[in-house]
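To keep things clear, I will list the structure first and then write my remarks on it.
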Amino acid sequence: MKMLDSVWLSIVEGVTEFLPVSSTGHMILARHFLGLNRSDALDAFLVIVQAGAILAVISVFWPTLLAWLKAWLALFFRKADGTKASLILARQHSLYFAFSVVPFAVFGFIFKDFVKSLFEVRVVAYALLAGGILILVDEWFLSRRRAGRERSIESLGFFDALIVGLGQCCALWPGFSRSAATILFGRWRGFSRTAAAEISFLVGLPTLCGTALYEAKSSWHLIDSELRVQLGIGILVSWFTAYICVKGFLAFLKRFPLTVFAYYRIIVAALLLYFIN
């Protein structure tokens with residue numbers, strides 16, 4: 001893989017990781033159109049470069065993460081304000097998001113070999129199509145029932161986080177999109193588009209960290225010195241592009257529905273299925 005190829009892959013990762021269009025699916029498609037042969041080292045690169053997306057979420061949600069840290073420090077150091085309602089809520093939310101990764105971790109570990117066998121263009125096409133249809137169903141029919149009764153992220157409970165975390169298991173189907181699945185599950189729990197997206201980002205943080213660390217630990221020996229340089233640059237590129245996309249996506253959701261992403265998914269799926277047949 002050339003340096004330019006790794007930069008392109010990293011841009012694709014950064015742009016698509018948190019949009020409901022599937023970063024894994026687009027990375028597989030990018031690999032295909034760049035003419036790169038699949039290998040264990042390349043598969044490892046595609047997972048570990050997600051560290052850039054992790055840094056982007058940390059950058060955007062640093063005030064929230066810092067508030068969680070301060071809440072726990074206030075408890076451990078027994079400060080007088082450690083029992084304030086806001087600090088208790090911050091600690092609860094941090095635990096909710098931490099435990100939300102459990103369903104994905106269990107299913108991902110059990111089916112990891114099977115999932116890797118699905119990294120094919122046709123599989124991605126069907127996943128894009130299925131996710132696009134579900135987004136349209138939510139926007140056209142279910143959103144109307146929630147009008148005026150949508151929840152904010154402050155109302156998040158343990159069961160909500162667990163359900164959204166369970167939704168991440170849909171992302172084991174390459175092309176479905178972790179972001180799309182968690183946003184949809186959040187919407188089905190009654191959250192607004194913006195709140196569902198914020199929950200999606202925060203639920204994804206421990207998931208992405210765990211996935212990237214596991215892949216780095218198990219596959220680092222496959223990455224030679226040249227690929228490590230490309231990986232370092234790729235993480236920086238992914239960080240920059242993902243940061244812009246996260247900020248832009250949150251601003252977009254305050255004004256527009258998700259239908260444009262559904263149309264995009266369906267069109268891409270149709271083109272893929274047409275040309276690979």
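Just so you know, all these numbers are worked out from the coordinates, no wet-lab data involved. These figures come from a predicted structure and were not determined experimentally. Cβ atoms come from the backbone with ideal geometry, glycine included; neighbour counts cover every protein chain shown.
Before moving on, here are some points about what is shown:
- Expressed as a whole percent, the proportion of Cα-Cα pairs in the chain lying more than 33 Å apart is 21%.
- Ordering 101-111, 191-201, 29-39, 242-252 by mean Cβ neighbour count within 10 Å, with the highest value first, yields 191-201, 242-252, 101-111, 29-39.
- Under 5 Å from the amide H of Arg151 lie the amide H atoms of Phe191, Ser192, each residue being 5 or more positions distant or on a separate chain, with H modelled from the backbone and absent for Pro and chain starts.
- Among Asp43, Asp160, Asp224, the largest mean-square fluctuation in a Gaussian network model of the chain, built with springs joining Cα atoms closer than 10 Å, belongs to Asp224.
- Enclosing the Cα atoms of region 104-259 in their convex hull gives a volume equal to 127 cubic angstrom per residue.
- Overall size of region 111-195 from C-alpha positions, given as principal axis extents largest first: 43, 28, 15 Å.
- Per-residue Cβ neighbour counts within 10 Å put Met1, Met27 in the sequence Met1, Met27, beginning with the fewest.
- Computed [θ] at 222 nm, deg cm²/dmol, the chain (DSSP H ≥ 4; -39,500 (n - 2.57); rounded to nearest 500): -23500 deg cm²/dmol
- Size of electric dipole in the chain: Cβ of Lys, Arg +1 and of Asp, Glu -1, about Cα centre, debye, nearest 20: 920
- Residue of Thr64, Thr182, Thr24 that the Gaussian network model of the chain assigns the largest fluctuation, springs spanning Cα pairs under 10 Å: Thr64
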